[in-house]
Amino acid sequence: MEAPPDNDVLWARALHFQHHDGSPALQGVSLGVREGEILAVSGPRGSGKTTLLRCLSGLVKPQGGEVWFNSVPVHTMGPLSRERLRRDRFGWIDPAPALVPELNAWENAALPLMLRGTGRRRAKTAALEWLDRLDVGDRARRRPHELRQAERQRVCIARALAVAPAVLFADEPTAPLHRADRAQVLRTLTTAARSHGITVLLATHDTQTAALADRAVALLDGRRVRTVHLPPLAETTVADGAAGTPGTEGRAACSLSA
């Protein structure tokens, strides 16, 4: 078993995972994430981004390969140990907001803190702070059914940040938001991560979102890829064999990373 590098808070080697129908989700993905880094995992839908985050966070065990968090092997942990790790050290944001319907907004945002044993007053203070920073502080006493979907997603983001996680896994966190809201929410998320030293893994298929990260890795069909830009074609040929006009657009091809 190879030990991970000392400067990587998360490290994975040769991850493999198959869906229940036998189709591959991950095919030998390896990566390292430095402490405090914001890493974007980009790629089209179905490329394996969510599965990678689920394996790295301990939500599921990879069927092959290794996952390490702070030099601790996550891939050898049992279900209860992985659950404690997620509760105590990790935060998670889903693409669709999922809140407890019986609780109001601040109670939902404070819930993970209270499950850790934090007192109600302290948990409420932390939750309200993040709700304010995400511009939904005035909705703190509303229940989920009284909130718009974009507001519910902001509550979910506040819930993930309120616990001050060591690592935040954000799976398309701005998917339910209107384009006008995305920049502000992402700015809050990235600023909070940098100021609190939170490591962020951000899964996205949006190039503008990925551009906010310190670094990006790309997935395609469960493999890491790199994009190779090719020069424009000198000319194109139509189906009947006649010469076309000189090419004016560049070409791009994806190849497997070394």
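For segment 19-57, the set of residues classified as in contact with a His (Cβ under 6 Å, 6 or more places away or on another chain) and of a type in the set (S, T, N, Q) is empty. Do any strands (runs of 3 or more DSSP E) entirely within segment 160-221 hold 3 or more residues that are modelled with pLDDT of 90 or more and farther than 24 Å from Leu85 by Cα, and if so, which? In segment 160-221, 215-220 are the strands (runs of 3 or more DSSP E) which contain 3 or more residues that are modelled with pLDDT of 90 or more and farther than 24 Å from Leu85 by Cα.
Cβ separations smaller than 8 Å between residues 6+ apart or across chains give the following pairs from segment 121-148 residues that are over 11 Å from Ala109 (Cα atoms) to residues that are open to solvent by 100 Å² or more (accessible area, probe 1.4 Å): Arg143/Glu102. Inspect segment 79-90 for any residue being buried (at least 17 other Cβ atoms within 10 Å of the Cβ), touching a Phe, Trp or Tyr at 6+ places or on another chain (Cβ under 6 Å) and touching a residue at least 12 places away in the same chain (Cβ under 8 Å) and give the result as yes or no. No, every residue in segment 79-90 fails to be buried (at least 17 other Cβ atoms within 10 Å of the Cβ), touching a Phe, Trp or Tyr at 6+ places or on another chain (Cβ under 6 Å) and touching a residue at least 12 places away in the same chain (Cβ under 8 Å). Would you mind stating whether Gln63 is among the polar types (S, T, N, Q) and within 30 Å of Ala211 (Cα to Cα)? Judged against the criteria, Gln63 is not a match.
Residues in segment 91-129 that are open to solvent by 40 Å² or more (accessible area, probe 1.4 Å), among the β-branched types (Val, Ile, Thr) and within 24 Å of the chain's Cα centre (by Cα): 1 in all. Each residue in segment 191-221 was checked for being surrounded by fewer than 18 Cβ atoms within 10 Å (Cβ to Cβ) and of a type in the set (Ser, Thr, Tyr), and 3 pass.
Contact map, segment 165-190: residues that are open to solvent by 30 Å² or more (accessible area, probe 1.4 Å) paired with residues that are among the hydrophobic types (A, V, I, L, M, F, W, C), Cβ distance under 6 Å, separation 6+ or inter-chain. Pairs shown: Asp181/Ala150.
The values are calculated or read from the model by the stated rules, or taken from the named source; none is laboratory data. This is a predicted model, so every value here is computed, not measured. Here the Cβ is made from the backbone with ideal geometry for all residues, glycine too, and neighbour counts use every protein chain on show. Quick note on the areas: whole protein, heavy atoms, side chains included, nothing else; ligands and nucleic acids left out. Shrake-Rupley method; radii C 1.70, N 1.55, O 1.52, S 1.80 Å.
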